[in-house]
Ligand code: FES
């Protein structure tokens, strides 16, 4: 990261801390702001947040690792999370996973070279009777099949905007 980017990050965190607060309760809101603006939470950002809030960096790290919507690495424009918990597993998540990997040319935990898609596992998201369940950013799709994966990815590629996904049935949009 360039020095100027570090300075920008430091200034942003100082400004968010001023608006939101600089005690422990501000930790998640500030991390969300960083995620929203920078797309991930770098080691440097975690250190600055820890200093600002007067907490140990390990505490910041453990919060970032606990919440799936916070990323350590730069993520793609579309973050796709497939539930791997038992109900979705029994309802065919393996076929959906294979379709995702084949279609995107990456494995889970990776981002496509064009920066459009990141593929991640998720744990139960409460749609167990309608699995396999899939999240695309903050939108849930249920009863996902390999064919539906193709439609979802096609909509993402065409629009480069999540709103096109509204035309695909059964997603909770
Ligand atoms: S097991 Fe997949 S949503 Fe609950």
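Values quoted throughout were computed directly from the atomic coordinates according to the rules given, and no laboratory measurement underlies them. Just so you know, these numbers come straight off a predicted model, no measurement behind them. All Cβ positions, glycine included, derive from the backbone under ideal geometry; neighbour counts span all protein chains shown.
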Query - Angle between the chain longest axis and helix 3-20 axis [Cα atoms, degrees, rounded to 10] - result: 90
Report summary line: Summing -39500 (n - 2.57) over every DSSP H run of at least 4 residues in the chain and dividing by its residue count gives a helix-only mean residue ellipticity at 222 nm, to the nearest 500 deg cm²/dmol, of -14500 deg cm²/dmol
Query raised in the report: Pulled fully out, how much extra length does the chain show between residue 89 and residue 6, if you take 0.36 nm times their separation in residues and subtract their Cα-Cα distance?
Result: 25.7 nm
Query raised in the report: In angstroms, what radius of gyration and Dmax does the chain have, counting Cα atoms only?
Result: 17.8, 50
Query raised in the report: Taking square-rooted eigenvalues a ≥ b ≥ c of the alpha carbon gyration tensor, is the stretch 78-172 rounded, prolate or oblate, where a/c under 1.5 means rounded and, failing that, a/b exceeding b/c means prolate?
Result: oblate
Query raised in the report: Against the longest alpha carbon principal axis of the chain, how many degrees, from 0 to 90 and to the nearest 10, is the axis of helix 43-53 turned?
Result: 50
Query raised in the report: Shape of the stretch 3-66 from its Cα gyration tensor (a ≥ b ≥ c, root eigenvalues): rounded if a/c is under 1.5, otherwise prolate when a/b > b/c, or oblate?
Result: rounded
Query - Stretchable slack from residue 145 to residue 25, in nm (0.36 nm times residue separation minus alpha-carbon distance) - result: 39.2 nm
Query raised in the report: Tell me, in nm to one decimal, what length is gained between residue 114 and residue 43 on full extension, where the rule is 0.36 nm per residue of separation less the Cα-Cα distance?
Result: 23.2 nm
Report summary line: Yeah, the stretch 54-108 with a ≥ b ≥ c from its alpha-carbon gyration tensor (a/c under 1.5 is rounded, else prolate when a/b outruns b/c, oblate otherwise) is oblate
Query raised in the report: What angle, in degrees between 0 and 90 and rounded to the nearest 10, separates the Cα long axis of helix 27-38 from the longest principal axis of the Cα atoms of the chain?
Result: 70
Query raised in the report: Assuming R0 = 35 Å, what is the FRET efficiency of residue 154 and residue 51, from their Cβ-Cβ distance, to the nearest 0.05?
Result: 0.20
Report summary line: Plugging the Cβ-Cβ distance of residue 15 and residue 138 into 1/(1 + (r/R0)^6) at R0 = 35 Å yields, to the nearest 0.05, a FRET efficiency of 0.90
